[in-house]
Amino acid sequence: MSITDRANAALDSVYASKSPADVARAYADWAATYDSETAALGYLLPFLIAAWVARYVPPGQGPLLDAGCGTGLSGPSLRALGYADLAGLDISPDMLAIAGARDAYAELRQGAIGEALPWPDDHFRAFFSTGVFTMGHAPATGLVDLLRITRRGGHAIFTVRDRVFEAGGFRQVFDELEAAGTWRPVEESPWFRCYAIAEPDALVKAFVFEVL
């Protein structure tokens, strides 16, 4: 089996997850080869998200939360751009162990988006998240607690996979949060490919909101 075949098989497994426990098990099985296999697919999101963070959060302002950090691929890029106060959250302890070895995160905690998060209100300057709001993963309602731990005037920066945007209720949650005065939209990208090499039909959109 080629490296791309293995990566696609692992993606099928995580997308088929029916519960947070299923997601954790799938990533435990994938953690050791995740970086090399997603690289073979040309996975862009952990690196591209740094551009949106840099657009809205000046270096030196923090802390920032990498929500669903996985193996911590975003951390070194953001550290290189001057973001030192990074925290990471992930459902998988196996993925967090790899993230910790990158020496890019000041804090790493295990937890699931969609459940109560282990930080107080108004703790973070911003959160960013890629590859988490997708099939079999975090629900749209998980944004509510992420906003609780983000300061007013801060930013929510994240991607959503095309296949869950309507079916997963993201548009409805977005509208409810805006109507409640919880956030306001700042930027919405066009749909674009998550993988530069494989899966040309796998599309995501990046969203930026200001927390009110």
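The values are calculated or read from the model by the stated rules, or taken from the named source; none is laboratory data. In this text the structure is predicted, and so the values were computed from the model without any measurement. In this analysis, Cβ positions are derived from the backbone assuming ideal geometry, glycine residues included, and neighbour counts consider all displayed protein chains.
Being surrounded by 15 or more Cβ atoms within 10 Å (Cβ to Cβ) and under 18 Å from W183 (Cα atoms) narrows it down to one of H137, H123, so name that one.
One residue alone meets the criteria, H123.
Consider the range 1-49. How many of its residues are exposed (fewer than 13 other Cβ atoms within 10 Å of the Cβ), modelled with pLDDT of 75 or more and polar (S, T, N, Q)?
Residues that pass the stated criteria total 2.
Restricted to the range 169-207, and to residues that are among the aromatic types (F, W, Y) and closer than 17 Å to T134 by Cα, which residue is nearest to the chain's Cα centre (by Cα)?
Going through the qualifying residues, I end up with F207.
If a residue has to be free of Cβ contacts under 8 Å to residues at least 60 places away in the same chain, within 13 Å of L146 (Cβ to Cβ) and in contact with a helix residue (DSSP H, G or I) (Cβ under 7 Å, 6 or more places away or on another chain) to count, how many in the range 105-131 make the cut?
Looking only at that region, the number is 4.
Criterion first (among the small types (G, A, S), surrounded by 20 or more Cβ atoms within 10 Å (Cβ to Cβ), over 15 Å from the mean Cα position of the chain (by Cα) and more than 25 Å from S19 (Cα to Cα)) does A104 satisfy it?
Against the criterion (among the small types (G, A, S), surrounded by 20 or more Cβ atoms within 10 Å (Cβ to Cβ), over 15 Å from the mean Cα position of the chain (by Cα) and more than 25 Å from S19 (Cα to Cα)), A104 qualifies.
Is it true that some residue in the range 66-84 is in contact (Cβ under 8 Å) with a residue 40 or more places away in the chain and of a type in the set (A, V, I, L, M)?
yes
Look through the range 124-168, keep the residues that are within 16 Å of A112 (Cβ to Cβ), small (G, A, S) and outside any loop (DSSP other than H, G, I, E, B), and return whichever of them is farthest from the chain's Cα centre (by Cα).
Per the stated criteria, the residue is G142.
State all residues of the range 94-123 that are farther than 17 Å from H137 by Cβ, assigned to a helix (DSSP H, G or I) and not aliphatic (A, V, I, L, M); if no residue qualifies, say none.
G100
Report, by residue number, each residue of the range 175-205 that is of a type in the set (D, E) and part of a helix (DSSP H, G or I).
D175, E176, E178
If only one of R55, R79 is surrounded by 15 or more Cβ atoms within 10 Å (Cβ to Cβ), among the basic types (K, R) and at pLDDT 95 or above, which one is it?
Selected residue: R79, the only one of R55, R79 that is surrounded by 15 or more Cβ atoms within 10 Å (Cβ to Cβ), among the basic types (K, R) and at pLDDT 95 or above.
Just the residues that are touching a Leu at 6+ places or on another chain (Cβ under 8 Å), β-branched (V, I, T) and surrounded by fewer than 16 Cβ atoms within 10 Å (Cβ to Cβ), please, taken from the range 167-204.
Across the range 167-204, the qualifying residue is only I197.
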